[in-house]
Amino acid sequence: MGTARVIINSANLSAISTGFNVSFNSGFGSVDPIYSAICMLAKSSGSDEVYAWLGQLPSIREWLGDRIAAKVEIDGFRIENRKFESTVEVPRTAIEDDKVGVFAPLFQDLGRRAAEFPDELLAALIASGFATTCYDGQNFFDTDHPVSQAPGGVVGSVSNYTAGAGPAWYLLDLSRAVRPFI
């Protein structure tokens, strides 16, 4: 006598998929990523987003006479969305032999990895900040970012980098709506 085989049909595949989703979501929910504390989260519905205002946040001034509106440029810092994936193939024989339960830890770990992935992207972004330009055309970490100084809009230079002999460390103001990373 042979063992009973699972019939591969839409109902059984749906049940298997639901079980894999539960495992994935369990792993995803077990992680407390740090990117959401450091990054400005922005929804995107297209292939990219343009942040034209990044270098144009006006200072507050005493209101005397007419209002002076800050001019926001049409062009700005553009971030292109990228797509990521990880696909797992479950062998047909594992389904037919009712052995899909052995894949639950794999999907749980895949969920954990998916939750940690934005932190990996953030770490790579920070590491590349010494050689990657940001919204003002300077490297993200640089000694001479041009910044409009109030009053009068005179452009000055601001540094967010100090060289040192030890390992790099970062001081971030996370209290504001505009965060250091998007």
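The values are calculated or read from the model by the stated rules, or taken from the named source; none is laboratory data. Predicted model only: the values in this text are computed from it and were never measured. Cβ coordinates were reconstructed from backbone atoms using ideal geometry, including for glycine residues, and neighbour counts include every protein chain displayed.
Count, please, the residues in segment 1-33 that happen to be closer than 30 Å to Val178 by Cβ and either at pLDDT below 95 or among the aromatic types (Phe, Trp, Tyr) (or both).
From segment 1-33, those closer than 30 Å to Val178 by Cβ are 28-29, 31-33; that's our starting set.
In the following step, the residues that additionally are either at pLDDT below 95 or among the aromatic types (Phe, Trp, Tyr) (or both) were identified as 28.
Number satisfying all stated conditions: 1.
Would you tally the residues in segment 25-42 being closer than 10 Å to Ala115 by Cβ, in a loop (DSSP other than H, G, I, E, B) and either touching a Cys at 6+ places or on another chain (Cβ under 9 Å) or touching a residue at least 12 places away in the same chain (Cβ under 8 Å) (or both)?
The total comes to 3.
Kindly check whether there is at least one residue in segment 120-142 that is loosely packed, with under 12 Cβ neighbours inside 10 Å and within 26 Å of Ala70 (Cβ to Cβ).
Checked against the condition, which is being loosely packed, with under 12 Cβ neighbours inside 10 Å and within 26 Å of Ala70 (Cβ to Cβ), segment 120-142 yields at least one hit.
Where residues in segment 5-24 are assigned to a helix (DSSP H, G or I) and aliphatic (A, V, I, L, M), which of them is surrounded by the fewest Cβ atoms within 10 Å (Cβ to Cβ)? Explain how you work it out, then say what you get.
Start the filter on segment 5-24 by keeping residues that are assigned to a helix (DSSP H, G or I), which leaves 10-24.
Subsequent filtering for residues that are aliphatic (A, V, I, L, M) retains 11, 13, 15-16, 22.
Details: Ala11: 8, Leu13: 13, Ala15: 12, Ile16: 19, Val22: 14.
By that ranking, first place goes to Ala11.
Of the residues Ala69, Ala124, Ala104, Ala131, only one is in contact with a helix residue (DSSP H, G or I) (Cβ under 6 Å, 6 or more places away or on another chain) and of a type outside the set (Asp, Glu); which? Give the steps one after another, and end with the answer.
Details: Ala69 fails: in contact with a helix residue (DSSP H, G or I) (Cβ under 6 Å, 6 or more places away or on another chain); Ala124 fails: in contact with a helix residue (DSSP H, G or I) (Cβ under 6 Å, 6 or more places away or on another chain); Ala131 fails: in contact with a helix residue (DSSP H, G or I) (Cβ under 6 Å, 6 or more places away or on another chain).
After ruling out the rest, the residue left standing is Ala104.
Could you look through segment 78-104, keep only residues that are hydrophobic (A, V, I, L, M, F, W, C) and not in a helix (DSSP H, G or I), and pick out the one that is surrounded by the fewest Cβ atoms within 10 Å (Cβ to Cβ)? First the steps, then the outcome.
Step one: filter segment 78-104 for residues hydrophobic (A, V, I, L, M, F, W, C), giving 79, 84, 88, 90, 94-95, 100, 102-104.
Now drop any that are not not in a helix (DSSP H, G or I), which leaves 79, 84, 88, 90.
Values: Ile79: 14, Phe84: 8, Val88: 10, Val90: 17.
Checked segment 78-104; the qualifying residue surrounded by the fewest Cβ atoms within 10 Å (Cβ to Cβ) is Phe84.
Could you tell me which residue of segment 45-77 is modelled with the lowest pLDDT, considering only residues that are among the β-branched types (Val, Ile, Thr) and exposed (fewer than 10 other Cβ atoms within 10 Å of the Cβ)?
The first filter runs over segment 45-77 and keeps only residues among the β-branched types (Val, Ile, Thr), leaving 50, 60, 68, 72, 74.
Pick out the ones that are also exposed (fewer than 10 other Cβ atoms within 10 Å of the Cβ) and you get 60, 74.
Details: Ile60: 79, Ile74: 55.
For segment 45-77, the residue satisfying everything is Ile74.
Quick test of your reading of the structure: Ser148 fulfils all but one of (1) outside any helix (DSSP H, G or I); (2) within 19 Å of the chain's Cα centre (by Cα); (3) polar (S, T, N, Q). Name the failing condition by number.
(2)
Please tell me if Gly156 is in a helix (DSSP H, G or I), in contact with a strand residue (DSSP E or B) (Cβ under 8 Å, 6 or more places away or on another chain), free of Cβ contacts under 8 Å to residues at least 40 places away in the same chain and not β-branched (Val, Ile, Thr).
Values: in a helix (DSSP H, G or I): no; in contact with a strand residue (DSSP E or B) (Cβ under 8 Å, 6 or more places away or on another chain): yes; free of Cβ contacts under 8 Å to residues at least 40 places away in the same chain: yes; not β-branched (Val, Ile, Thr): yes.
Answer is no for this residue.
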